[in-house]
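The values are calculated or read from the model by the stated rules, or taken from the named source; none is laboratory data. Being a predicted model, the structure only gives us computed values, none of them experimental. Cβ coordinates were reconstructed from backbone atoms using ideal geometry, including for glycine residues, and neighbour counts include every protein chain displayed. In case anyone asks, the SASA skips ligands and DNA or RNA and just uses the protein heavy atoms, side chains included. Shrake-Rupley method; radii C 1.70, N 1.55, O 1.52, S 1.80 Å.
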Amino acid sequence: MHGLLGEAATQLGGLQDLAFWPTYRLQAGDQQRVTPDVVLRFAGGTVVVEVKHPLRGAQAADQWTRELDGAVQAELEAPIHLLALGGNSQGNTAGFDANRWPVQVQLHTREWPELAHHLAALHERADLPSDQAVLADWLALLALYSLRPRQHIDLLALHHFAQQHHPLLHGMAQWLRVPTAPQS
């Protein structure tokens, strides 16, 4: 959660409940019900998650507003954090007003590559083989959509290696060249 919500995650406390596609009734507007993708209820707040497919779909402020209306009307524990995962674009938060509700609301927009990066970091630090296996499965699933964590390259180490092995690397360039056909 820290990777997706930042410092706000430290205030949530322990996970109390998790619901996939819960339905909340709306008291106003044309739409009578709203169904966020996931709702995580913690001791110190709630996280409402709206997910868009990694390759298509777009987040929209009006959908977020309806989902938060439903969460507030259902009297979910505040503060309420709305996590919009995937499908965010420049300006899609323009129509969002967190002050609209009588409880504290915070919007977090994240993209799938960020999730892949955070999962890879967790995988590197995981001590238990079971945790490593679960995280490896997540990373493999994301890789099906060509979502892989960013690779960190230590440029200083690469520079030192290149300096140390310059003659070998220079000679390698000669034999790696593709021979060209003779010109007639």
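Among DSSP beta bridges whose residues both lie in the chain, state the antiparallel percentage, nearest 5.
Approximately 50 percent, going by the DSSP bridge assignments.
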With +1 on the Cβ of every Lys and Arg and -1 on the Cβ of every Asp and Glu, the dipole magnitude of the chain about its Cα centre, in debye rounded to the nearest 20, is 580
Heavy-atom accessible area of H117, protein chains in place, probe 1.4 angstrom, given in Å² to nearest 10, is 60
The percentage of the accessible area of the chain (probe 1.4 Å, all protein chains present) made up of carbon and sulfur atoms, to the nearest whole number, is 55
Counting only protein heavy atoms and leaving out ligands, DNA and RNA, the solvent-accessible surface of W101 at a 1.4 Å probe, in Å² to the nearest 10, equals 20
Here, trypsin sites (Lys or Arg not before Pro) of region 39-108 satisfying both criteria (DSSP loop; at most 16 other Cβ within 10 Å) are R56
Computed, not fitted: 222 nm per-residue ellipticity of the chain from DSSP H runs ≥ 4 (each -39500 (n - 2.57)), nearest 500, equal to -11000 deg cm²/dmol
In a Gaussian network model of the chain with springs linking alpha carbons closer than 10 Å, the residue among Q90, Q163, Q59 that fluctuates most is Q163
Given Cβ charges of +1 for Lys and Arg and -1 for Asp and Glu, the option among H2, F20, H166 whose Cα lies farthest towards the positive end of the dipole of the chain is H166
Tilt, helix 155-164 to longest principal axis of the chain (alpha-carbon atoms), in degrees rounded to tens, equals 10
Scattering profile of the chain from the Debye formula, Cα beads only, expressed as log10 I(q)/I(0) at q = 0.11, 0.16, 0.18 Å⁻¹, is -0.62, -1.06, -1.25
The chain accessible area per residue, 1.4 Å probe, protein heavy atoms, integer Å², reads 66
